[in-house]
1. Please compute the per residue accessible area over the chain with all protein chains in place, 1.4 Å probe, rounded to a whole number of Å².
2. Report, by chain and number, residues whose modeled amide H sits under 5 Å from the one on D122, excluding near sequence neighbours (fewer than 5 apart, same chain).
3. Would you pull out the residues with amide H under 5 Å of A135's amide H, same chain only if 5 or more places away, H placed 1.01 Å from N?
4. Cross-link partners among lysines for K15, C-alpha distance below 19 Å, same-chain residues fewer than 8 apart left out?
5. Can I get the semi-axes of region 108-176's equivalent ellipsoid? Compute them from the C-alpha gyration tensor as square roots of 5 times the eigenvalues, in angstrom, largest first.
6. Percent of Cα-Cα pairs per 10 Å bin, from 0 to the last occupied bin, for region 15-100, please list those.
7. How far apart, in nanometres, would the label points at E161 and T99 be if each is projected 7 angstrom from Cα along the Cα-to-Cβ direction?
8. Kindly provide the helix-only [θ] at 222 nm of the chain, computed as the sum of -39,500 (n - 2.57) over DSSP H runs of four or more divided by all residues, to the nearest 500 deg cm²/dmol?
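The values are calculated or read from the model by the stated rules, or taken from the named source; none is laboratory data. Only a predicted model underlies this, so the values are computations on that prediction, with no experimental measurement involved. Reconstructed Cβ throughout: ideal geometry from the backbone, glycine too, with neighbour counts over all protein chains shown. Areas reflect the complete protein model, heavy atoms only, side chains present, ligands, DNA and RNA absent. Shrake-Rupley method; radii C 1.70, N 1.55, O 1.52, S 1.80 Å.
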Amino acid sequence: MAADRRTAHILRETKETRVEVTLDLDGSGQASAATGIGMLDHLVEQIGKHGLFDLRVEATGDLKVDEHHTVEDVGIALGQAFDQALGERRGIVRMADATVPLDEALATVALDICGRPFCAVDAHWTLDRIGELPASLVEHLLGAFATEAKLTLHATVLQGENDHHRAEAMCKALGR
């Protein structure tokens, strides 16, 4: 990480996955993700776009088994990138919250960049899958992210009927 830039590059390789994350916290919202799971790509891109972070995530994983390892390791690597880019965390606004609508859905996220990992997600999915992403893995993605980013994260879907809209509103709120 350059002294004047809040950037990170993470490469995570396990038996099941390979995840590469490049992050610039002071970017312009240029975000791309290629994980082999379309909805995961979409959610990760919303975090970067709405947070005005330049973010690139590339992942390959054992999708023939299931999506779990890929989602978990993307969350881990993304959290590690944020932790690295934040450095000593001096001079930042430590706490923030955002409430974001997406059509009929409304979600709120509050976080504390305190160095103490915790994640609470209150979202009740109506379907088992959102596209090709198991709905239960949205919470897992956020939990892995919060743990590795060393922050406290509370995410709540306040209303909405469409699971895609509800998950996307939550990730947009996280970015903001």
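1. Details: 8360 Å² over 176 residues.
Each residue of the chain exposes 47 Å² on average to a 1.4 Å probe.
2. Counting only residues 5 or more places away or on other chains, the set is A155, T156, V157.
3. Residues meeting the criterion, in which the H sits 1.01 Å from N, are R129, I130.
4. By straight Cα distance, K15 reaches K64.
5. Details: eigenvalues 91, 31, 16 Å².
Value: 21, 12, 9 Å, ordered largest first.
6. Spelled out per bin, shortest first, that is 17, 47, 28, 8, 0.
7. 2.2
8. Numbers: 4 runs with 60 residues, N = 176.
One gets -11000 deg cm²/dmol as the mean residue ellipticity at 222 nm.
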